[in-house]
């Protein structure tokens, strides 16, 4: 009965603590077999053979219980141990400011946490100086041990990854390229990455724009970093088409700020969401004609004829080889201009109510997640053009009644303070 009670208590205690795959080391088992035991919070791993300097490589964290950085690393280090088979590689830690202080002195530990890799058969530790995120730690252990982890690789990023081998092929003056020179251990780089990836996704369909990044702290890539005088991380440089010297990027690091910079320097009209912005595809002169058409100033027919003439002139200009406009850009401009005329024709045949109905229909299509990027661009341009009609129409009407609280617009009530 007494034995059953003790066994039950042990099982209950085991249920309250979580098993850890991190091997707990001290001066007694560091380079001799580990012994069973209990830590304050976790079940200590029991090994059946020697630990460091034996047949398996070992990655060891020298930590101190009071160290804030050690506490921050702890959950990541637990994950590291979970993704490597303990039969092939050892992930261990030792309290170098407590029971294993002699180990700390032995290996000259001056700060916490200090991470060292011990190859199989060696007690000479190699300092780890990379990032302390899980991906960086996994990459290091795999490189040193040759053991693959069970960690699923992250999905490929949208930003083009540059190396010393492909840098000159990508940054060759044929396209506008924004390059972020980063380091895996850099906190600012990690904070920037979501926004940078977002803008890379947003501009992925822009033929003349590349959003790229480079691990400039990699030994193989350092000659590129030195060539462009990269001295801190992240350093962001813009390489325009036919560049002679790159331009230092000094704007903010939000996705919107990256997008604004690219639009300004690449002639694009893209928002950080990936959609075109609200002026893409619109033409100032045709916007004025759209407003005149809706307001019947001086007459809809006259505005319509002027719009047709504009499109005709645009077509003639596009056929001129000296125009310097690419075939694709010329085609997009012509299609957008023609839509102003088509919209006027639809309004004439279907009435003013067609504007809102068509805009709502297009907005519904625009919200679809399955459409290709180019189709979404076409829809957004059409909505922008229709907005030129609607916005101008409301402006004209509200201007006639500045003192009122509400005005009537085609049987719809429009609150002036909401315009």
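None of the figures in this text is laboratory data; all of them are computed from the coordinates on show. Not measured: the values here are computed from a predicted model. When we count neighbours, we look across all protein chains shown, and the Cβ atoms used for this are built from the backbone with ideal geometry, even at glycine.
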*asked:* Full-extension gain between residue 129 and residue 356, please, as 0.36 nm times their residue separation minus the C-alpha to C-alpha distance.
replied: 75.7 nm
_Rounded Å value of the spacing that divides the Cα centres of the stretch 175-203 and the stretch 260-309_ = 32 Å
*Which of the peptides 287-299, 360-372 is most tightly packed, and how do the rest follow, going by the mean number of other Cβ atoms within 10 Å of each residue?*
287-299, 360-372
*In percent, how large is the relative contact order of the stretch 89-170, given Cα pairs closer than 8 Å and 6 or more residues apart?*
16 percent
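How high is the relative contact order of the stretch 160-266? Use alpha-carbon pairs under 8 Å, at least six apart in sequence, and give a whole percent. All intermediate terms of the calculation are to be shown ahead of the outcome.
Working: 166 pairs, mean separation 39.5, N = 107.
It comes to 37 percent, rounded to a whole number.
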*asked:* At a 10 angstrom cut-off on C-beta neighbours, averaged per residue, how do the peptides 54-60, 166-172 rank from highest to lowest?
replied: 54-60, 166-172
*Rounded to the nearest Å, what's the spacing between the alpha carbon centres of the stretch 120-159 and the stretch 214-241? Just the number, please.*
23 Å
*asked:* Neighbour counts of other C-beta atoms within 10 Å: give me 70, 189 arranged from fewest to most.
replied: 70, 189
